[in-house]
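Engineer: This is the structure, below, for whatever I ask next.
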Protein chains: 4
Amino acid sequence: MSKGRFESFSDGVIAVAITLLVLNLRVPAPSAHRSLLHGLTHQWPAYAAYATSFITIGIIWINHHVMVGRLSRPDHAIMMLNLVLLLTIAVLPFATNVMATYLTQPHGEKLAAAVYAGAFLLMSLAFATLNRHILFAKAHLLTVQLPAQERRRILLRTISGLVPYAIATALAAVSPYITLAICAGLAAFYATPLASSATRSQE
Amino acid sequence: MSKGRFESFSDGVIAVAITLLVLNLRVPAPSAHRSLLHGLTHQWPAYAAYATSFITIGIIWINHHVMVGRLSRPDHAIMMLNLVLLLTIAVLPFATNVMATYLTQPHGEKLAAAVYAGAFLLMSLAFATLNRHILFAKAHLLTVQLPAQERRRILLRTISGLVPYAIATALAAVSPYITLAICAGLAAFYATPLASSATRSQE
Amino acid sequence: MSKGRFESFSDGVIAVAITLLVLNLRVPAPSAHRSLLHGLTHQWPAYAAYATSFITIGIIWINHHVMVGRLSRPDHAIMMLNLVLLLTIAVLPFATNVMATYLTQPHGEKLAAAVYAGAFLLMSLAFATLNRHILFAKAHLLTVQLPAQERRRILLRTISGLVPYAIATALAAVSPYITLAICAGLAAFYATPLASSATRSQE
Amino acid sequence: MSKGRFESFSDGVIAVAITLLVLNLRVPAPSAHRSLLHGLTHQWPAYAAYATSFITIGIIWINHHVMVGRLSRPDHAIMMLNLVLLLTIAVLPFATNVMATYLTQPHGEKLAAAVYAGAFLLMSLAFATLNRHILFAKAHLLTVQLPAQERRRILLRTISGLVPYAIATALAAVSPYITLAICAGLAAFYATPLASSATRSQE
């Protein structure tokens, strides 16, 4: 399996998933009773969930690139773990839609938030599992041999990225707005220069 | 026809098809009578069919890569047979949707299961046809000349992959759950290290 | 503008368009009055239009590859004419849907067929325009300098490909089934070894 | 981060977004009261908005290619600003749909036009921000060192591209048709040989 085609397939799936998010933004049906302005502002949860998911998927793509960059070539197990990771990414437009549809509803809003943050948690878990497999089980496939201490440090960083999503999922029981705020805050954090140095030191 | 663009087009179609599967997961309409939890758990066939199709398409992508990897360059016939294979892959989101929608229905559930497994059977058939054409009719286009015995062994493996899907299609007449279980089991089997060695020896 | 990214963008658009065709295949809503079998067989025009469009887009992709293969690098005019060609390809899922929805309707079926074949005609026209521009206005950008006679021969072949679609569009006034038969027949013709040699001599 | 994968991901998102535009073209439901001809001609705003958005996204792709072509490799900040740019591109199918749905409505048509041109303005702003960042903050990452005067000239051109979209957005308060005409006119202008030389001198 050449690394090039492995990367290009992963890029393809992630690019389609991130772009399909737009299908969650609905055009309000023309109506004599409700203005377009009302219809557009009313679906603000859809915009918030859209932007949050878009940036988050974009960041996972960057992280995916860094992870695969360390690899000389994928083997069967890596491809399968990567397939599971892609599945958790491809499912995000659905989880985003659940969140956007239910955030302002009187019922189901907490479960929807748990589904949303839970989907990010699952994706992070799949990412950490693949990264762990590459760094420890398949260390001989790395382009540059990293000392065990360095590999442990990278994995610890990846795993520590799970914590905020676990908290966001748990806090859905309190309020879906808190969950959304945490997820959005994480996306914003990673998009700042601050995260730039964090990411750099992570790699 | 350069092999690079041939691969990149195939990767593109497969990546879009695998990601479009998510459109089969529907967000339950907010309702005062039914909870979101009920709505989400109620569509469990959609999740099962989604995961099964996702992993299966992912595996066909890997197999496609191995098959094309043996090829120095595609010719017109190979491109046409590949186009037919891509057609059978691109149609899978539809077949998956049929299965997910009808599995728990009182009518049509057996036909739906036959459509689902039948679509996988068709895809496997298109794959075997292309592989046979490459290995025997176009042996001069292989990057490494394989002895006839080795080529027969590869083809036999590919064809033997058809059998479980033929059985799954036939057993739809008994129960759609058996059909889904076989398809899901095949996807799970290929995703394990066991299949890793099976695949390796296949190549 | 590097040729690589030009090709990869074109491949991307064509791959997405060809895969989006599947969204035209609808799962019949479960109903106590009509069986799934009835629902599935009833939409046979959707399958016929799907397969015809899929193979036709696949063939235009192959032809696109051959055309661009002659080019050392694209310039602004080539990129713009290519963009128009991609627009005519990207619109085909819509034209296919019009045909599939109206073929068996008592009204609008002839217009629908004209829209369908007309869309293929438009696409072929955009293709011929771009090919003509490359072969004559931008002959200095060709990787291999072709004699004027050879270039005229290639262009003539491309233009002659318009004729059947023009006829299919005109015959929509007689019967939409004739139109579909011609379009399907053309796709089948190009997919046979016969067309292989025709294409080869065309290039 | 290799430039290749950065480009291929951007190409993927843009290719999917430009192709998803077709989902805004709806097949009129067969009806005994309204002809298909009426249904098809009635949605002319959808065609106008479709073509305008398609060409505009195509042009932004070309400009993106030129911009990235100057870069030796992306860093974290560039990738994040690029992600924001991709977000503004990926959202265009939604903005196009808003415009197409409301242009001929008695209410909301001006807001819809403002959303449409505003989305193009936002995209241009994200593009200018990224270009400015590359040209000035990350001048050391350019493949060819450009004199400050040349870089200012390029940036000025990019920023001057914002003006017509700002005007189109403002004039939505007068008439949505003026807004559409300006956006369509810009797309047509950039597609002509005239723009070819403009673009060339811009780079």
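Engineer: Filter segment A:138-156 down to the residues that are modelled with pLDDT under 90 and assigned to a helix (DSSP H, G or I), then identify the one that is farthest from residue A:59 (Cα to Cα).
Structural biologist: My answer is A:140.
Engineer: Could I ask something else about it? Output the residues belonging to segment A:1-53 that are out of contact with any Leu (no Cβ under 6 Å at 6 or more places or on another chain) and hydroxyl-bearing (Ser, Thr, Tyr).
Structural biologist: Across segment A:1-53, the qualifying residues are A:2, A:8, A:10, A:19, A:31, A:35, A:41, A:47, A:52.
Engineer: Let me ask something additional. Name, by its number, the condition in (1) closer than 21 Å to residue B:74 by Cβ; (2) of a type in the set (Gly, Ala, Ser); (3) in contact (Cβ under 8 Å) with a residue 40 or more places away in the chain that does not hold for residue B:139.
Structural biologist: Looking at each condition in turn, residue B:139 falls short on (3).
Engineer: Starting from segment C:164-179, keep only residues that are on the phi > 0 side of the Ramachandran plot and free of Cβ contacts under 8 Å to residues at least 12 places away in the same chain, then list their pairs with residues that are buried (at least 16 other Cβ atoms within 10 Å of the Cβ) and in a helix (DSSP H, G or I) whose Cβ atoms are within a distance under 9 Å, requiring at least 6 positions of separation or different chains.
Structural biologist: Here the result reads none, with nothing in segment C:164-179 linked to a residue that is buried (at least 16 other Cβ atoms within 10 Å of the Cβ) and in a helix (DSSP H, G or I).
Engineer: For segment A:1-117, give me every one of the helices (runs of 4 or more DSSP H) that falls completely inside it and has 1 or more residues that are away from chain B (no Cβ under 14 Å) and either basic (Lys, Arg) or over 30 Å from residue D:113 (Cβ atoms) (or both).
Structural biologist: On the way: elements: A:3-20, A:36-42, A:44-69, A:76-90, A:92-102.
Passing ranges, in order: A:44-69.
Engineer: In segment A:161-203, which helices (runs of 4 or more DSSP H) lie fully inside it and hold 1 or more residues that are of a type outside the set (S, T, N, Q) and modelled with pLDDT of 95 or more? Even if it seems obvious, please write down each step before you answer.
Structural biologist: On the way: elements: A:162-170, A:176-191, A:193-202.
Ranges flagged: A:162-170, A:176-191.
Engineer: For segment D:162-179, enumerate the residues that are surrounded by fewer than 18 Cβ atoms within 10 Å (Cβ to Cβ) and under 18 Å from residue D:129 (Cβ atoms). It would help to see each step written out before you state the result.
Structural biologist: At the first step, the residues of segment D:162-179 found to be surrounded by fewer than 18 Cβ atoms within 10 Å (Cβ to Cβ) are D:162-163, D:166-167, D:170, D:173-175, D:177-178.
Those that are surrounded by fewer than 18 Cβ atoms within 10 Å (Cβ to Cβ) and under 18 Å from residue D:129 (Cβ atoms): D:162, D:163, D:166.
Engineer: Another question about this same structure. Every residue in segment D:96-117 that is surrounded by fewer than 24 Cβ atoms within 10 Å (Cβ to Cβ), modelled with pLDDT of 95 or more, under 13 Å from residue D:177 (Cβ atoms) and hydroxyl-bearing (Ser, Thr, Tyr), please.
Structural biologist: Selection gives nothing.
The values are calculated or read from the model by the stated rules, or taken from the named source; none is laboratory data. Predicted model only: the values in this text are computed from it and were never measured. A quick note on method: Cβ atoms are made from the backbone with ideal geometry, for glycine too, and the neighbour counts reach across all protein chains shown.
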